[in-house]
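Beneath this line is the structure, given in structure tokens, with notes to follow.
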Amino acid sequence: MNPENDRRDFLKCMAWAGTGALFAFNGGITSSLGLDSAIAAPLLRSASKPFTFVQLSDSHIGFNKPPNADARATFREAIAKVKALPNQPDFVIHTGDVSQLSRDEEFDDADQMLKELGLPVFFVPGEHDMLDPDGGKAFLKRFGKGSMGAGWYSFDHRGVHFIALVNVADLKPGGMGNLGAEQLKWLKADLAARHSSTPIVVFAHIPLWTVYEAWGWGTDDAAEALKLLARFGSVTILNGHIHQITQKVEGHIAFHTARSTAFPQPAPGTAPSPGPLKVPPEQLHSMLGITDAVFVRGHDRVALIDSTLTA
Amino acid sequence: MTRAFGMVTFQAFSLLAAAFAMTIVADDVKAAPPPQAQLVHIGNFTFNQATLTVRPGTTVTWVNDDDIPHTVVAQGLAFKSKVLDTGDRFSFTFAKAGQFGYFCSLHPHMTGTIVVKA
Ligand SMILES: [Cu+2]
Ligand SMILES: [Fe+2]
Ligand SMILES: [Fe+2]
């Protein structure tokens, strides 16, 4: 058995992820490669079996306006793509805006569709999931069991520490996303005992770096969280909310936002507002999925391979 | 005489004053119909009148023209809408004078102010 071929096949499979993004971990070090460079790249020397997980984002179940008359249908397509993966992910994360209006039937439909995967799914809420009269309780009751505060938590998987943060609760007038003092205190404690060689994956709805302030695409107190993460050798931050791919590497921290499964939004400043980009129907699927998340950083490489809903 | 003159003058003044007062009342009635209802449109993730000045008793209605939901939440929580989907409205009557900053709790960069003064 040729391990390099194995890796090639593995990466080829990842290209068919077809949903938000698909991530490969190799030997506890996050490996980061685009498909082309991945195939060309030398094999990562690692003893342990790689694993993958899938990120889904911004399903907006209940959205039914241009450019997408049925966000349920496109979410179902995304899920079918995940199910069709030859290398099944260990789990799925959903980075928020599960629903359009926090309605029970929206949460319920998302839940039912995701259950078809038969995989664990980890959630964080988006601002659209906070719209019930109790400001997010409906979401937490269904998707946030065992979480703290507004829905934050962490878990470990094959040597990687995953942290789910909430930056859509208790937002301040004139501000952007917000983590808040209580959550930052929890994060500090959560990270305190970890060795700096532990790969960290953080996921939250609104970007944890300022993508575009005029549209509120950032998190006011993200810098405090990043300070706590600075000593770790490999940090990957996964966000949604802006319905398009953006990425950035800063020191040991890689930032990445995923596409929506419901509708695209304009690039920063290219439209009067961040409202849905009304693309023609034949274009829609290509904006809910292709991807080229290619970033390679030093020894720690994180592979973020995005792909579209286009067949 | 002086006294009589004084009284006449006083009476005349009173009459004048009364007439004047009546005019004022009449003018008041003409100039201050019940406060006009005001409409704030929400579009392109902005409140179309960032600052709106109204008289006490005015009912302000917000209407969401966007295809994304918004909310209208006063900073001191004097008023708070439910989520407003496309076409939904929210109204609040401002009884007292004051300044009311508000924002959208989904998109907090969306802010506005209602100034209520007599
Ligand atoms: Cu809003
Ligand atoms: Fe969204
Ligand atoms: Fe969002």
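Against the condition over 19 Å from the mean Cα position of the chain (by Cα), within 24 Å of A:I79 (Cβ to Cβ) and part of a loop (DSSP other than H, G, I, E, B), how does A:L171 come out, does it pass? Can you show your working first?
Working: over 19 Å from the mean Cα position of the chain (by Cα): yes; within 24 Å of A:I79 (Cβ to Cβ): no; part of a loop (DSSP other than H, G, I, E, B): yes.
For A:L171, the condition - over 19 Å from the mean Cα position of the chain (by Cα), within 24 Å of A:I79 (Cβ to Cβ) and part of a loop (DSSP other than H, G, I, E, B) - is not met.
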- When you look at A:N68, is it at pLDDT 50 or above and among the polar types (S, T, N, Q), yes or no? yes
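Could you run through region B:96-108 and say how many residues are within 7 Å of chain A (Cβ to nearest Cβ) and without any contact (Cβ under 8 Å) to a residue 40 or more places away in the chain?
Count: 5.
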- Message: Can you report the number of residues in region A:292-311 which are surrounded by fewer than 22 Cβ atoms within 10 Å (Cβ to Cβ), part of a loop (DSSP other than H, G, I, E, B) and at pLDDT below 50?
- Response: 6
- Take the residues of region B:81-95 that are among the hydroxyl-bearing types (S, T, Y) and part of a loop (DSSP other than H, G, I, E, B): which is nearest to the other protein chains (Cβ to nearest Cβ)? B:T86
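Look through A:A230, A:A169, A:A223, A:A192 and report the one residue that is out of contact with any strand residue (DSSP E or B) (no Cβ under 7 Å at 6 or more places or on another chain), within 16 Å of ligand 2 (Cβ to nearest atom), without any contact (Cβ under 8 Å) to a residue 60 or more places away in the chain and not charged (D, E, K, R). Before the answer, list the steps.
Values: A:A230 fails: within 16 Å of ligand 2 (Cβ to nearest atom); A:A223 fails: within 16 Å of ligand 2 (Cβ to nearest atom); A:A192 fails: within 16 Å of ligand 2 (Cβ to nearest atom).
When all the criteria are applied, what remains is A:A169.
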- Query: Can you tell me which of A:T219, A:T236, A:T246, A:T261 is at pLDDT 95 or above, over 25 Å from A:G62 (Cα atoms), buried (at least 17 other Cβ atoms within 10 Å of the Cβ) and polar (S, T, N, Q)?
  - Reply: A:T219
- Query: Among the residues of region A:63-86, which ones are polar (S, T, N, Q) and out of contact with any Phe, Trp or Tyr (no Cβ under 6 Å at 6 or more places or on another chain)?
  - Reply: A:N64, A:T74
- Task: Return the residue satisfying two criteria in turn: it lies in region A:203-234 and is within 12 Å of ligand 3 (Cβ to nearest atom) and among the small types (G, A, S), and of such residues it is nearest to A:T257 (Cα to Cα).
- Result: A:A204
- Message: Consider region B:15-56. How many of its residues are part of a loop (DSSP other than H, G, I, E, B) and modelled with pLDDT of 95 or more?
- Response: 5
- Query: Of all the residues that make up region A:64-115, how many are within 20 Å of A:W152 (Cα to Cα), of a type in the set (D, E) and surrounded by fewer than 20 Cβ atoms within 10 Å (Cβ to Cβ)?
  - Reply: 1
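I want to confirm something. Restricting to region B:70-80 and keeping residues that are within 12 Å of chain A (Cβ to nearest Cβ) and in a loop (DSSP other than H, G, I, E, B), which single residue is surrounded by the most Cβ atoms within 10 Å (Cβ to Cβ)? Walk me through how you get there before you give the answer.
Initial filter on region B:70-80 (within 12 Å of chain A (Cβ to nearest Cβ)): B:70-77, B:80.
If we keep only those that are in a loop (DSSP other than H, G, I, E, B) as well, we get B:71-72, B:75-77.
Working: B:T71: 23, B:V72: 26, B:Q75: 15, B:G76: 10, B:L77: 8.
Out of the qualifying residues, it is B:V72.
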- Query: Among the residues of region A:219-234, is any within 14 Å of chain B (Cβ to nearest Cβ), within 16 Å of A:A164 (Cα to Cα) and either part of a strand (DSSP E or B) or in contact with a Gly (Cβ under 6 Å, 6 or more places away or on another chain) (or both)?
  - Reply: yes
- All positions within region A:197-210 that are surrounded by fewer than 22 Cβ atoms within 10 Å (Cβ to Cβ) and at pLDDT 95 or above: A:W209, A:T210
- Quick one: how many residues across region A:267-284 are in contact (Cβ under 8 Å) with a residue 40 or more places away in the chain and part of a loop (DSSP other than H, G, I, E, B)? 9
- Return yes when B:D66 is buried (at least 20 other Cβ atoms within 10 Å of the Cβ), of a type in the set (D, E, K, R) and over 22 Å from the mean Cα position of the chain (by Cα) and no when it is not. yes
- Message: If I filter region B:32-51 for residues that are in contact with a strand residue (DSSP E or B) (Cβ under 6 Å, 6 or more places away or on another chain), surrounded by 15 or more Cβ atoms within 10 Å (Cβ to Cβ), touching a residue at least 60 places away in the same chain (Cβ under 8 Å) and away from chain A (no Cβ under 14 Å), do I get at least one hit?
- Response: yes
- Item | Residue in region B:104-113 that is loosely packed, with under 14 Cβ neighbours inside 10 Å and either over 30 Å from A:N64 (Cα atoms) or among the acidic types (D, E) (or both) present | no
- Message: Within region A:238-253, take every residue that is among the aliphatic types (A, V, I, L, M) and in a loop (DSSP other than H, G, I, E, B) and give me the one that is farthest from ligand 3 (Cβ to nearest atom).
- Response: A:I245
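The values are calculated or read from the model by the stated rules, or taken from the named source; none is laboratory data. Keep in mind the model is a prediction, meaning the values are calculated, not measured. Every residue, glycine among them, receives a Cβ derived from its backbone with ideal geometry; neighbour counts consider all protein chains shown.
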